[in-house]
Amino acid sequence: MDAASKKEPGMRKTILVVGGTGGIGGAISRAFAADGLRVIATGLRQDEVESFRMGSETIETRSLDVTNAADVDNLVGSLTRLDVLINAAGVILRQGAEHEPEAFDRVLAVNLSGTMRLCSSCKPLLVASGGSVVNVASMLSFFGSGRAPAYSASKGGVAQLTKSLAIAWAPEGVRVNAIAPGWIETPLTEPLVNDPVLRNAIVERTPMRRWGQPEEVTGAVKFLCSSAAAFITGVVLPVDGGYSIA
């Protein structure tokens, strides 16, 4: 990665991947670490963080609750430099749970408000480095879901938040973009992957006729952080095998 920044020659760029011990987030963390960058990956549960650390010794790991302002400020306050912020923390509640107002609020608190909380807390460091943000939105940023109304609403919000912050922060030299993954095989989508009817229906709808892998999302993220994307801000880039255009 050659993310454009104001950093001094010879200093390693620092990447904070929030939700960086999970499926897509974990793949992003490993991809940046493979380039020799300093990567800090966060996860909500300590057991998840410990498990990820055991298989990724070159990546720094921290526990973080994105709904807790003190947690966020403590983590960001421990950093002296930040070049890239990746917001990949997310939750979805299945079996109709998101139709309940309390569950709806919980999902938005993580997926949308958590994203804004990290962006806001990290902004001074990103301005100092001329850094960038990549938020993880979703194909559901573009259309609704009868099964997951909170997830869909939150990811629609992430898309609009991305565009809004891109406008607001451009004069200060910070770019804000998002990716919109489609059906990617992760722990979050495991119930669908294991349901042959739903799995095959998704494959039939997807022009590339398969599910994606977490590693196939990383190239889009690295591009949006790089100097090759220096004049790109406010985009929500689908990485979905064509699902959203079919």
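No value in this document is a laboratory result; all are computed from the given coordinates. Not measured: the values here are computed from a predicted model. Note that each Cβ is placed from the backbone with ideal geometry, even for glycine, and that neighbours are counted across all protein chains shown.
Select from segment 189-219 the residues that are within 17 Å of Val176 (Cα to Cα) and in contact with a Lys or Arg (Cβ under 9 Å, 6 or more places away or on another chain) and list them in ascending order. Thr218, the sole residue that qualifies.
Going by the structure shown, is Ala34 among the hydrophobic types (A, V, I, L, M, F, W, C), farther than 20 Å from Thr218 by Cβ and surrounded by fewer than 20 Cβ atoms within 10 Å (Cβ to Cβ)? Steps first, please.
Working: among the hydrophobic types (A, V, I, L, M, F, W, C): yes; farther than 20 Å from Thr218 by Cβ: no; surrounded by fewer than 20 Cβ atoms within 10 Å (Cβ to Cβ): yes.
For Ala34, the condition - among the hydrophobic types (A, V, I, L, M, F, W, C), farther than 20 Å from Thr218 by Cβ and surrounded by fewer than 20 Cβ atoms within 10 Å (Cβ to Cβ) - is not met.
Out of everything in segment 163-173 that is out of contact with any Gly (no Cβ under 6 Å at 6 or more places or on another chain) and of a type outside the set (S, T, N, Q), what residue ends up being surrounded by the most Cβ atoms within 10 Å (Cβ to Cβ)? The selected residue is Leu165.
Between Leu237, Leu188, Leu224, Leu198, which is surrounded by 13 or more Cβ atoms within 10 Å (Cβ to Cβ) and free of Cβ contacts under 8 Å to residues at least 60 places away in the same chain? Spell out the reasoning first.
Working: Leu237 fails: free of Cβ contacts under 8 Å to residues at least 60 places away in the same chain; Leu188 fails: free of Cβ contacts under 8 Å to residues at least 60 places away in the same chain; Leu224 fails: free of Cβ contacts under 8 Å to residues at least 60 places away in the same chain.
Answer to the check: Leu198.
If you filter segment 119-150 down to residues that are assigned to a helix (DSSP H, G or I) and in contact (Cβ under 8 Å) with a residue 60 or more places away in the chain, you find that the one that is farthest from Ala88 (Cα to Cα) is Ala128. Among the residues making up segment 220-246, those that are assigned to a helix (DSSP H, G or I) and within 14 Å of Asn177 (Cα to Cα) are Ala220, Val221, Lys222, Phe223, Leu224, Cys225, Ser227, Ala228, Ala229.
Under 21 Å from Val174 (Cβ atoms), surrounded by fewer than 21 Cβ atoms within 10 Å (Cβ to Cβ), touching a helix residue (DSSP H, G or I) at 6+ places or on another chain (Cβ under 8 Å) and not charged (D, E, K, R): which single residue out of Leu108, Leu16, Leu79 fits that description? Talk me through it step by step, then tell me what you get.
Working: Leu108 fails: under 21 Å from Val174 (Cβ atoms); Leu16 fails: surrounded by fewer than 21 Cβ atoms within 10 Å (Cβ to Cβ).
None of the other options fit; the residue is Leu79.
Residues that are surrounded by 17 or more Cβ atoms within 10 Å (Cβ to Cβ) and free of Cβ contacts under 8 Å to residues at least 40 places away in the same chain within segment 201-215 comprise Trp211, Gly212, listed in sequence order.
If the requirement is being farther than 14 Å from Ala88 by Cα, touching a helix residue (DSSP H, G or I) at 6+ places or on another chain (Cβ under 7 Å) and crowded, with 17+ Cβ neighbours inside 10 Å, which of these qualifies: Ile28, Ile24, Ile59? Every option except Ile59 fails the conditions. The criterion of at least 2 residues that are farther than 26 Å from Ser141 by Cα and without any contact (Cβ under 8 Å) to a residue 40 or more places away in the chain is met, among helices (runs of 4 or more DSSP H) falling completely within segment 1-118, by 23-34, 46-55, 69-77. Take segment 145-162 and flag every residue that is of a type in the set (D, E, K, R) and crowded, with 18+ Cβ neighbours inside 10 Å. Lys155 - this is the single residue of segment 145-162 that is of a type in the set (D, E, K, R) and crowded, with 18+ Cβ neighbours inside 10 Å.
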